[in-house]
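Notes to accompany the following structure.
The values are calculated or read from the model by the stated rules, or taken from the named source; none is laboratory data. Quantities reported herein were computed from a predicted structural model and do not represent experimental measurements. Virtual Cβ from ideal backbone geometry, glycine too; neighbours counted across all protein chains shown. These accessible areas exclude ligands, DNA and RNA; they are computed on the full protein's heavy atoms, side chains included. Shrake-Rupley method; radii C 1.70, N 1.55, O 1.52, S 1.80 Å.
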Amino acid sequence: MTTTTSAPAEQNRRTGDDIDLRKVLLTAAGVLILAVMLFPVYWMINASLQPSGNTLNADLIPLQPSLDNYARAISEQGANLVTSLIIALGTVVFSLALAAPASFALAQFRFRWVGLALLAILISQMIPGIVIANALYSAYEGLGLLNSIPGLILANSTSAIPFAILIMRSFMLGVPSAIIEAARVDGAGLVRSFLWIVVPVSRNAIITAGLFTFLFAWSDFLFALTLTTTDEIRPVTLGIYQYLGTQVQNWGAVMATAVLSATPAIVLLVAAQKYIAAGATGGAVK
């Protein structure tokens, strides 16, 4: 009787040990993959702190870290960082100002052309960026928008607005029409109902769309390269590209510039991760 009772217990114990071993192996594999993926980021930071500009001879750990590379990067690329920041923030404001009302209209109004409008938005996302850049170059040349911050804001918005509409519309579909109708009954117009009811309820989706819009504009290289022909307006992505030609013997300054350009994106992603998760999944769960 004892042998019969202990057999299932022994089997359960072995099953539990197998599960624990599997968890340990999966965790170790995940940590290894994460380490491989993050090593380039670590090496970028490590090289930026080396007193020598040669990354090939850099130590694995900066035993004598130096901030000279950052001082040089700020003095030579600081203006480009500010330019990129202005362009990215301007793109966010302009894109959300157009995409939010458009998303609300496509979510609330039940017209036959809504499906065609969404199809057109999806198709616009498939157009290669170089095609849009070449078309904008010809238009900007006549309008005088080449080498200008408004021109780059408009160019970045061509890809940011469709994406923001798709993100926010899926969320606004879940906004109860009853609360909008209640506001209308109380005397609020359509615009006021949108600003005071829909926008606060859709905060997560708006933050998500705004964050990705900022990242699109901040990391843009194609429009910056095509629509700027002088050094008057130079985003940091183009600055790093041109920096490489003159600093091939001093990679520390290049890496320091790369770290500075990556910092805003990292800070925003960490600060807004809960809003991103809620905004990205909000349209899928009703």
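When only residues in the stretch 37-66 that are in a helix (DSSP H, G or I), under 10 Å from ALA256 (Cβ atoms) and among the hydrophobic types (A, V, I, L, M, F, W, C) count, which is modelled with the lowest pLDDT? Walk me through how you get there before you give the answer.
Within the stretch 37-66, the subset in a helix (DSSP H, G or I) is 37-48, 55-57.
Keeping just the survivors that are under 10 Å from ALA256 (Cβ atoms) gives 44-45, 47-48.
Subsequent filtering for residues that are among the hydrophobic types (A, V, I, L, M, F, W, C) retains 44-45, 47.
Values: MET44: 88, ILE45: 89, ALA47: 85.
That would be ALA47.
Answer yes or no: is there a residue in the stretch 91-107 that is out of contact with any strand residue (DSSP E or B) (no Cβ under 7 Å at 6 or more places or on another chain), modelled with pLDDT of 90 or more and open to solvent by 80 Å² or more (accessible area, probe 1.4 Å).
For the stretch 91-107, residues out of contact with any strand residue (DSSP E or B) (no Cβ under 7 Å at 6 or more places or on another chain), modelled with pLDDT of 90 or more and open to solvent by 80 Å² or more (accessible area, probe 1.4 Å): present.
For the stretch 143-153, check the following and say yes or no: at least one residue is hydrophobic (A, V, I, L, M, F, W, C) and closer than 15 Å to LEU98 by Cα. Talk me through it step by step, then tell me what you get.
Applying the first criterion (hydrophobic (A, V, I, L, M, F, W, C)) to the stretch 143-153 yields 143, 145-146, 149, 152-153.
Next cut, closer than 15 Å to LEU98 by Cα only: 153.
Looking for residues that are hydrophobic (A, V, I, L, M, F, W, C) and closer than 15 Å to LEU98 by Cα, one finds at least one in the stretch 143-153, hence yes.
Of the conditions (1) farther than 30 Å from LEU81 by Cβ; (2) open to solvent by less than 20 Å² (accessible area, probe 1.4 Å), THR208 clears all except one; give me its number.
(1)
With the checklist (1) in contact with a helix residue (DSSP H, G or I) (Cβ under 8 Å, 6 or more places away or on another chain); (2) at pLDDT 85 or above in hand, flag the one item VAL267 doesn't pass.
(1) is the only condition that VAL267 fails.
Inspect the stretch 192-202 for any residue being surrounded by 18 or more Cβ atoms within 10 Å (Cβ to Cβ), at pLDDT 90 or above, within 22 Å of the chain's Cα centre (by Cα) and not hydrophobic (A, V, I, L, M, F, W, C) and give the result as yes or no.
Looking through the stretch 192-202, none of the residues is surrounded by 18 or more Cβ atoms within 10 Å (Cβ to Cβ), at pLDDT 90 or above, within 22 Å of the chain's Cα centre (by Cα) and not hydrophobic (A, V, I, L, M, F, W, C).
Suppose the filter is more than 19 Å from PRO264 (Cα to Cα), loosely packed, with under 13 Cβ neighbours inside 10 Å and in contact (Cβ under 8 Å) with a residue 12 or more places away in the chain; does GLN64 pass it? Show your work before the answer.
Details: more than 19 Å from PRO264 (Cα to Cα): yes; loosely packed, with under 13 Cβ neighbours inside 10 Å: yes; in contact (Cβ under 8 Å) with a residue 12 or more places away in the chain: yes.
It is true that GLN64 is more than 19 Å from PRO264 (Cα to Cα), loosely packed, with under 13 Cβ neighbours inside 10 Å and in contact (Cβ under 8 Å) with a residue 12 or more places away in the chain.
If you scan the stretch 164-195, which residues turn out to be free of Cβ contacts under 8 Å to residues at least 12 places away in the same chain and not in a helix (DSSP H, G or I)? Steps first, please.
Taking the stretch 164-195 and keeping what is free of Cβ contacts under 8 Å to residues at least 12 places away in the same chain, we get 176, 178, 181-182, 184-192, 195.
Within the stretch 164-195, PRO176, ASP186, GLY187, ALA188, GLY189 meet the criteria.
Name every residue in the stretch 218-227 that is open to solvent by 10 Å² or more (accessible area, probe 1.4 Å) and touching a Leu at 6+ places or on another chain (Cβ under 9 Å), in order of residue number.
TRP218, ASP220, PHE221, PHE223, LEU225, THR226, listed by residue number.
Kindly indicate which of ILE130, ILE153 is open to solvent by 70 Å² or more (accessible area, probe 1.4 Å), out of contact with any strand residue (DSSP E or B) (no Cβ under 6 Å at 6 or more places or on another chain) and in contact (Cβ under 8 Å) with a residue 24 or more places away in the chain. Give the derivation first.
On the way: ILE153 fails: open to solvent by 70 Å² or more (accessible area, probe 1.4 Å).
After ruling out the rest, the residue left standing is ILE130.
Restricted to the stretch 196-234, and to residues that are in a helix (DSSP H, G or I) and of a type in the set (S, T, N, Q), which residue is farthest from VAL92 (Cα to Cα)?
The initial filter retains those residues of the stretch 196-234 that are in a helix (DSSP H, G or I), namely 196-201, 203-218, 222-227.
Going one step further and asking which of them are of a type in the set (S, T, N, Q), we end up with 204, 208, 213, 226.
Values: ASN204: 15, THR208: 11, THR213: 6, THR226: 21 Å.
In this case the residue turns out to be THR226.
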